[in-house]
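A short worksheet on the structure shown next.
The values are calculated or read from the model by the stated rules, or taken from the named source; none is laboratory data. Here the structure is a predicted model, which means the values were calculated and not measured. Every residue, glycine among them, receives a Cβ derived from its backbone with ideal geometry; neighbour counts consider all protein chains shown.
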């Protein structure tokens, strides 16, 4: 009985232990009171004051108060983080040429930060804590001051841990110096919401929990595959050691526009053309955009104007922005709908007055059809959750500049800087707005690129999943090849070129995401030099899509438009896809580059673009280690089967490359067994791991008289290895300190139906275990098992 109490006490300590590990560094002291109020809404509009800096233009000031608050988006009250008492944060409105002065007041007990997404600004103002800018300490205030040398639609968000998911995000609108017409405009900030604590979401992803897939009906079980005629496809998928297909990692309870599931713009007049500034401020969701009032006109991407084109359905990746023109219907209110790309929900905004006009529903995802098409794709073996092996040319270690100055000169005369005026660009609905000021970026030393018409650039490989027929009817609606810049964007060919190849890699089973099989904590910097042209080519070998964002720069996204490839700060790369970007290295110091799916970034998919030969930012010199260690934090999870014949406990404490695993079994006769293993994953795919451990057993009622040091009564050290076999079977080969060898095969989480799973184990000690469980919630399953030593039992399994 003492052993039962010991196991129960151990389990009781797990939640507190786990919560203390993945959290952010907390400042000393008690911090401010959460009841401190934000200023009234009248003070949130921005104010013009006398310039007190060397920057030219109006000085426009905002005060942002960051605090914790209770919200209710789903019918359940949850704690979130807001700015000035609201989620999303207030829209910050400026005119091009203004100087922004933004004071961030932290009224929480923990650190915070604000990054100005897509804004070209001095390095120390970028807002990445421990890299560019000091974190805003509890009770502290940080003042950001930077000139606005661009116009367009942008946004801001926290770069501290997972605060962006918790509500720290808002919009930025910068109007151009010259506005050729008056047009009504609306800002729409899209987001996703979960009632789970964000750090619990990441911990659950690390443990490869099934509940999110269960909620979405996306388990893709063998029973469902058999019924739908895809049983062989399911076998083929798991034979390749591939987990179930999915488009997103998380099940979200709600999707929101400007903090609401449903909103209205009733001041839009019939027949009026209005501008929608759409920002995907979600933590990890892509959206399909549809408008019930007719085709939308795309006029800008990531704040930069493009040649207008009509479209019925536009997909927006996480962290992107698009400006759209739509016409208000003569009668009724037209729905502008943003549907999550896994078709689990949508958020609506009605434009106009009268009877609602609904946008069409999108078909559900056919995951099995996606599975079949993925199985048939060439190179699938490179997607074994860990990506393909890297050649020296592909790896990040040798990214030396390549002198390409001898290539054929481009035709046409150079264009200094970036004059992105629309001029007389055609449009069928309204004149297109001005976007770029003349020479504003050159005056500030921030040109997006010296451009020549080089012509003939090949389009990107949209890759793998771009046209899959099972993806909610998305094929053929939109791709980046439709984006065309207003002016040539090619770089100065007389400059030296640096070629960088990066492969997107990851392990979905362990939720580790990386470039070239290394996380930020393992390989941090991509070196470049000021004054050269940089060409980066990305190959995605993972099963997921990734929206990649480079801080402090715009780049040309090389597409089928050749010399007119668009300028962007964020781009999506499809599973099995390939994308090339190019930019003028005109900055200094260190700039963050990362996947903008928040949980992928926190799991390691990030790098730092570092300018060689320039002085480091003071925060990068002193506190840089804080940034690097974020992706390698340990996470704890556990499962306890409390059954009629005994208790079975499994716990894991794991980071990117290491894990500490414990198994304990005890019955009501006082028999117990424990195995503890400390292991390290050795290969890029993390299929192979070596371990050392200790095996302690005392099954008194199972011992024969005089039996000692057997499988039922032993205290031995062991060494061995794990290897993941086809069909996701974990094999174990070990040698203990008595010289005994044991081979064990184990398959866990075998999906039989959407909620029903099996666990199987057998080894050469003639032990076996068969368990079944039906998940009723994220934390509880109804379960039964038969153990060769402890026999049959049934009860509950508790998941942490």
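Below is a table of values for the structure above.
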quantity	calculated
Count of the stretch 200-250 residues which are closer than 21 Å to residue 773 by Cα and touching a residue at least 24 places away in the same chain (Cβ under 8 Å)	26
Test: residue 250 is in a loop (DSSP other than H, G, I, E, B) and either crowded, with 20+ Cβ neighbours inside 10 Å or within 24 Å of the chain's Cα centre (by Cα) (or both)	yes
Sole exception among (1) in a strand (DSSP E or B); (2) more than 20 Å from residue 283 (Cα to Cα); (3) modelled with pLDDT of 95 or more for residue 91, by number	(2)
Subset of the stretch 270-301 that is part of a loop (DSSP other than H, G, I, E, B) and free of Cβ contacts under 8 Å to residues at least 60 places away in the same chain - its residue that is farthest from the chain's Cα centre (by Cα)	271
Hey, residue 156 crowded, with 17+ Cβ neighbours inside 10 Å and either at pLDDT below 95 or within 25 Å of residue 549 (Cβ to Cβ) (or both) or not	yes
Test: residue in the stretch 682-700 that is crowded, with 19+ Cβ neighbours inside 10 Å, under 28 Å from the mean Cα position of the chain (by Cα) and under 25 Å from residue 785 (Cβ atoms)	no
Residue satisfying all of: in the stretch 125-141; touching a strand residue (DSSP E or B) at 6+ places or on another chain (Cβ under 6 Å) and part of a strand (DSSP E or B); farthest from residue 105 (Cα to Cα) among these	136
Filter pass, residue 346 being modelled with pLDDT of 95 or more and either surrounded by fewer than 19 Cβ atoms within 10 Å (Cβ to Cβ) or closer than 13 Å to residue 255 by Cβ (or both)	yes
Those helices (runs of 4 or more DSSP H) lying entirely in the stretch 558-672 with at least 3 residues under 26 Å from residue 285 (Cβ atoms) and not assigned by TED's automatic domain parsing to the domain that holds residue 700	598-602
Within the stretch 176-204, tally of residues that are surrounded by 21 or more Cβ atoms within 10 Å (Cβ to Cβ), touching a helix residue (DSSP H, G or I) at 6+ places or on another chain (Cβ under 9 Å) and not in a strand (DSSP E or B)	7
Yes/no for residue 745 being touching a residue at least 12 places away in the same chain (Cβ under 8 Å) and more than 18 Å from residue 697 (Cβ to Cβ)	yes
Residue satisfying condition, being touching a strand residue (DSSP E or B) at 6+ places or on another chain (Cβ under 8 Å), surrounded by fewer than 20 Cβ atoms within 10 Å (Cβ to Cβ) and not in a strand (DSSP E or B), within set 481, 487	487
Complete set of residues in the stretch 109-124 that are in contact (Cβ under 8 Å) with a residue 60 or more places away in the chain and part of a loop (DSSP other than H, G, I, E, B)	109, 110, 111, 118, 120, 121
Qualifying positions in the stretch 490-543 - out of contact with any helix residue (DSSP H, G or I) (no Cβ under 8 Å at 6 or more places or on another chain), buried (at least 24 other Cβ atoms within 10 Å of the Cβ) and not in a strand (DSSP E or B)	517
Any hit, the stretch 258-265, residues being on the phi < 0 side of the Ramachandran plot and either without any contact (Cβ under 8 Å) to a residue 60 or more places away in the chain or in a loop (DSSP other than H, G, I, E, B) (or both)	yes
Of all residues making up the stretch 724-782, the number that are surrounded by fewer than 17 Cβ atoms within 10 Å (Cβ to Cβ) and assigned to a helix (DSSP H, G or I)	2
Residue in the stretch 34-56 that is surrounded by 15 or more Cβ atoms within 10 Å (Cβ to Cβ), within 31 Å of the chain's Cα centre (by Cα), in a loop (DSSP other than H, G, I, E, B) and at pLDDT below 95 present	yes
Scope the stretch 340-354; condition part of a loop (DSSP other than H, G, I, E, B) and over 17 Å from residue 327 (Cβ atoms); matching residues	341, 342, 343, 344, 345
Within the stretch 674-701, considering residues that are farther than 22 Å from residue 729 by Cβ and outside any strand (DSSP E or B), the one modelled with the highest pLDDT	699
Failed criterion for residue 709 (all others in (1) surrounded by 14 or more Cβ atoms within 10 Å (Cβ to Cβ); (2) at pLDDT below 95 hold)	(1)
